[in-house]
1. Inside segment 589-618, can you point out the residues that are among the hydrophobic types (A, V, I, L, M, F, W, C), surrounded by 21 or more Cβ atoms within 10 Å (Cβ to Cβ) and outside any strand (DSSP E or B)?
2. Taking interchain pairs and intrachain pairs at least six residues apart, which have beta carbon atoms under 6 angstrom, with the first residue in segment 169-191 and in a strand (DSSP E or B) and the second open to solvent by 20 Å² or more (accessible area, probe 1.4 Å) and aromatic (Phe, Trp, Tyr)?
3. Scanning segment 715-772 for residues that are among the polar types (S, T, N, Q) and in contact with a helix residue (DSSP H, G or I) (Cβ under 7 Å, 6 or more places away or on another chain), which turns out modelled with the highest pLDDT?
4. For segment 403-419, indicate whether the set of residues that are over 30 Å from LEU331 (Cβ atoms), open to solvent by 60 Å² or more (accessible area, probe 1.4 Å) and modelled with pLDDT under 75 is non-empty.
5. Checking ARG369 against (1) among the basic types (Lys, Arg); (2) in a strand (DSSP E or B); (3) buried (at least 19 other Cβ atoms within 10 Å of the Cβ), which test does it fail?
6. Within segment 291-312, which residues are out of contact with any Gly (no Cβ under 7 Å at 6 or more places or on another chain) and either within 20 Å of GLY172 (Cα to Cα) or aliphatic (A, V, I, L, M) (or both)?
7. Within the set of pairs 6+ apart or on separate chains, which have a first residue in segment 38-55 that is open to solvent by 40 Å² or more (accessible area, probe 1.4 Å), a second that is acidic (Asp, Glu), and C-beta atoms under 9 Å apart?
8. Which residue out of ARG773, ARG755 is assigned to a helix (DSSP H, G or I) and either out of contact with any Gly (no Cβ under 6 Å at 6 or more places or on another chain) or open to solvent by less than 60 Å² (accessible area, probe 1.4 Å) (or both)?
Amino acid sequence: MHQGRVSLLLVEQDGDLSRLLARCPSTAGCRVTPAVSMEAALVLAREAAFDAALVDTSCLARNGLEAIRLLKEAAPDTEIVVVSAGAGLASALQSYEQEAFAFVEKPCEPSQLTSTIDRAAERRRITIYNRRLVWELQTINEIADGISRSLELEDVLTGALQRIVRAFDAVGGAIRLRDNVTRAYETRAVVGTPAVHEIWGALPSRPSDEVIATRKAVVVEDVVRVLPPELARGLQVRSAISVPMFAGDDLVGTLSVGAASPARFEIADERLLANIAGQIVVAVQNARLHDTVRRGKREWEDTFDAISDPVAVFDAAGCVLRGNTAMAALLDRPVTALPHASCGEVGFCGGACPACAVGRALQHGEIVRSEVTRAGQQIFSVTTFPAAGGPDGARVVQVAKNVTEEIRSARKLQQMSDELSAANDQLMAALQQLKSTQAQLLQAEKLSAIGQLVAGVAHELNNPLTSVIGYAQLLEEEFTDPGAGDMRPPSELAQDLRRIAEESGRAARIVRNLLAFARRQTAARVPQDLADLVNRVLSLRAYDLRMNDVELCTSLEPGLPPVVADGTQLQQALLNLILNAEQAMRDRAARRLTVGVSYDDRADAVELYVEDTGHGIEEANLTKIFDPFFSTRDVGEGTGLGLSICYGIVRDHGGQISVASRVHAGTRFSLLLPARVPGLAASADEILVAHPDQGERDFIAAALAAWGYAVTGTGRADEALVRYRRGDLHAALVDRALLSAGLDDWRAARTGHVRPVPLVLLSMTPEDGDTDRFGRESASGVLAPPFQLRALRGAVRSLGQEKECV
């Protein structure tokens with residue numbers, strides 16, 4: 001049976017149901033009240049509440065359906081289970097139309113009958129519970145709406161208490177609040193007849209006193225049991241409840257309610273009143289804050305008026321919001337007449353709007369200081385300065401100080417110094433002319449430098465672009481006019497195309513060099529938990545993924561080493577990849593997004609990959625997807641910068657990004673970022689990275705720094721050689737071009753050390769025999785571009801092992 005005792009009204013005449021229930025042990029906990037007639041059942045239903053009524057309609061004297069209807073009217077909350085012998089489907093349907101809970105046909109098993117009774121009782125409990133919840137919600141909303149209508153403390157307390165008393169059908173209530181000065185709890189609001197509160201206040205110990213002492217709610221089941229007889233007589237309150245009012249852990253007051261019937265309040269009432277008390281505390285704090293602000297405003301106005309210098313506050317339109325009494329006296333106006341006056345009427349602007357002091361402070365946000373002479377030859381030093389915009393629209397404050405005597409004395413001194421200044425005027429003019437000439441020369445130098453830069457860029461770009469255009473035109477003529485002669489063999493055509501590709505790559509490298517030159521790295525980098533970063537980014541997209549019916553799969557390897565990076569940039573890169581994946585799956589039936597993080601021990605790096613089941617990328621576009629402004633989407637659907645930004649972020653962190661895709665199957669982007677593995681960078685010495693290409697140099701330096709190495713970089717051969725000669729390096733990674741510029745010096749530097757610094761060459765070419773021979777004899781290894789993180793890590797590891805052997 002259902003937990004708790006079930007109260008059952010049994011309506012029958014022949015005793016069959018009673019015997020049937022007695023055969024089932026699970027009904028032992030039921031409180032069964034028999035009724036041999038419908039008239040008796042109706043009387044019992046009106047006097048007491050039953051969870052369920054078991055009605056045998058086959059033995060009732062009156063019509064069974066009419067009996068069910070009358071019983072439902074007498075006890076609307078009681079669930080009715082109809083039992084009948086020989087009734088058909090029509091009788092069952094008619095019973096349900098009369099709002100019967102269930103229909104059981106005789107003969108029936110005891111377990112079937114008791115199970116039906118149990119479900120009926122459970123339904124009644126759920127119905128009553130839901131009704132209670134609705135009532136509680138309505139009560140809370142009504143009280144919340146009431147206390148939000150006013151910021152006056154007394155109105156808030158009285159209004160809330162009146163609604164509480166009405167909602168609980170109580171006879172009275174009271175709210176006590178702690179005084180912030182005396183720390184005593186005082187009654188601030190009461191509702192109910194004066195007699196109730198007179199007797200209640202005379203009690204030696206009230207429930208609210210116990211709440212203050214224990215900081216817990218107190219429920220009095222029957223007041224008569226705890227009061228002397230002389231006080232209990234005529235008292236309208238029989239039961240009471242008092243709950244604490246907390247602001248955090250601070251007890252700020254109590255809320256008490258009294259009812260006319262004993263045992264009126266339950267645990268649910270205590271919980272509801274505690275929630276309401278919390279709402280009232282918030283309203284009390286708001287009301288007190290409003291009162292504090294109002295007092296502060298009054299004190300501020302008193303202070304404002306106590307300033308002896310004229311002060312005016314202007315709005316964004318240049319009209320007075322307020323002025324002090326000194327300003328009103330100066331203008332011979334009442335203080336109340338100052339608002340809405342223009343700055344020109346005040347007379348301290350020193351010009352016509354909007355070129356006046358107030359206008360300049362509004363438009364340019366600058367502090368304007370000026371002198372203004374008013375009637376009677378009074379001179380004022382006026383300071384006009386912008387103010388932060390407040391709720392009243394204050395934008396400019398103007399303060400005027402009467403400096404008539406000070407200015408007159410200063411003018412006398414100025415007249416004396418004018419004669420001395422006159423002698424210097426010619427020198428100052430010559431100096432200004434010299435400064436002007438110098439500024440023109442500097443500007444001309446700047447223009448010259450800019451012109452050289454533009455000319456150099458144009459020359460560098462024109463050379464490869466001219467080759468590209470020339471070979472492209474030759475190929476176009478050969479393909480469009482095949483009859484002009486025999487077409488060259490494919491190998492020769494391929495050679496022209498290869499030249500076009502080489503020259504295009506050369507132009508691209510020039511642009512990348514310019515971009516690398518312009519880039520400035522300012523982001524702070526700290527150890528990042530990549531798995532945690534992935535979870536944070538995915539949480540931003542969780543809702544959209546669900547709404548777009550995208551299945552999210554994650555594979556986050558635990559215990560990953562941290563990645564030293566700018567978390568915001570990595571989040572931007574990951575978010576771009578996820579958004580691209582969502583876009584690619586927009587028109588796909590199967591949408592699955594897989595994001596994983598794992599450790600790559602060959603590269604000592606953390607791999608982050610994003611895989612989708614989208615439309616895929618054409619093979620011809622795979623080499624272009626990281627180019628700025630390249631996009632396969634329709635016009636207006638993207639800028640083509642997302643993957644380019646990702647590429648730049650990953651490269652700036654010393655990582656690499658790769659893509660694998662199959663058309664109509666999906667795409668996988670993989671980011672490999674160097675990890676800060678404990679004990680990885682054992683040497684405190686620096687690693688020299690010397691490469692003329694700043695982009696490649698920055699990538700290698702960023703990867704090494706991410707692993708924990710100290711790095712110094714240069715793009716000049718002489719600087720690299722000087723640093724190498726010092727000898728206090730862990731290793732040197734030097735490009736072939738910088739070695740070729742001074743190969744003999746490098747040989748001398750190698751032989752000048754007892755233990756030469758390990759050397760790794762960045763690129764080699766068979767065309768340079770001397771450099772190639774030097775590399776075979778002296779270098780510990782060669783890294784060929786494009787540089788891969790695993791190869792770079794392997795080279796650095798081998799350098800460490802080599803130094804240990806030496």
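The values are calculated or read from the model by the stated rules, or taken from the named source; none is laboratory data. The structure presented is a predicted model; accordingly, all values stated were derived computationally and were not measured. With ideal geometry, Cβ positions are generated from the backbone for all residues, glycine too; neighbour counts draw on all protein chains shown. Remember, those area values only see protein heavy atoms, side chains included, never the ligands or the DNA or RNA. Shrake-Rupley method; radii C 1.70, N 1.55, O 1.52, S 1.80 Å.
1. Within segment 589-618, just ALA603 meets the criteria.
2. ARG176/TYR185; ARG178/TYR185
3. Start the filter on segment 715-772 by keeping residues that are among the polar types (S, T, N, Q), which leaves 740, 751, 763, 765, 771.
If we keep only those that are in contact with a helix residue (DSSP H, G or I) (Cβ under 7 Å, 6 or more places away or on another chain) too, we end up with 740, 763, 765, 771.
On the way: SER740: 80, SER763: 73, THR765: 63, THR771: 77.
For segment 715-772, the residue satisfying everything is SER740.
4. yes
5. Only one criterion in (1) among the basic types (Lys, Arg); (2) in a strand (DSSP E or B); (3) buried (at least 19 other Cβ atoms within 10 Å of the Cβ) is unmet by ARG369, namely (3).
6. Narrowing segment 291-312 to residues out of contact with any Gly (no Cβ under 7 Å at 6 or more places or on another chain): 291-310.
Selection gives VAL293, ALA306, ILE307.
7. ALA49/ASP77
8. Numbers: ARG755 fails: assigned to a helix (DSSP H, G or I).
It is ARG773.
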